Amino acid sequence: MTAIPKALRAQTAVAVRHKLAATPSVVPDVRRLVRAAAVNYNIGAETTEDAVLVAVELVTNAIRATGKPIMLRMFVSKDGFHIEVRDLSRKRPRKGVPDLAMPTEPVPDDAPDPHGWGMGIVEALSKDHGVRTEHSGKTVWAVLRISSVRRPDLP
């Protein structure tokens, strides 16, 4: 098998797909997978860090929505760096309102983490985002601007 040169891989903008278990233990793997894709696509350090945050938020929402495997898909186009997370739930994510009230008593170590930040983070870091209904389930997606790095022309 002949290796594809890095410059040619970037030009073809092939999508990378990863099937993930719907468990919080996959979050460190998601961070590594996004960073690896970012290096392959040469999207720049700023976009890479934003992409890691966005992907983790989308995957975390999918984990909460279903106990079934989820699919992470990433690719680059002229529009930017695309992140898509598909799950089998039809429930659409919604932007929550985080509780910013200061606790009046000590918070126990086993208290649940506050929720409501995820889609706000996705909205803030993405140039576009949305939800696509699928035959079974949905795909939540985001497109990020690519940091100023030299890239070949993309489709």
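Tabulated data
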item: Extended-chain gain in nm, criterion 0.36 nm per residue less alpha-carbon gap, S77 and V107; result: 6.3 nm
item: Which listed pairs, of K19/K68; K78/K127; K19/K138; K19/K91; K78/K138; K91/K127, have C-alpha distances above 18 Å, in listed order; result: K19/K91; K78/K138; K91/K127
item: Difference of contour (0.36 nm per residue) and Cα-Cα distance, R31 to A45; result: 3.7 nm
item: For region 21-29, Karplus couplings with θ = phi - 60° (6.51, -1.76, 1.60), whole Hz, Gly/Pro x; result: 6, 8, 9, x, 5, 7, 4, x, 5
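None of the figures in this text is laboratory data; all of them are computed from the coordinates on show. All values derive from a computational prediction rather than experimental measurement.
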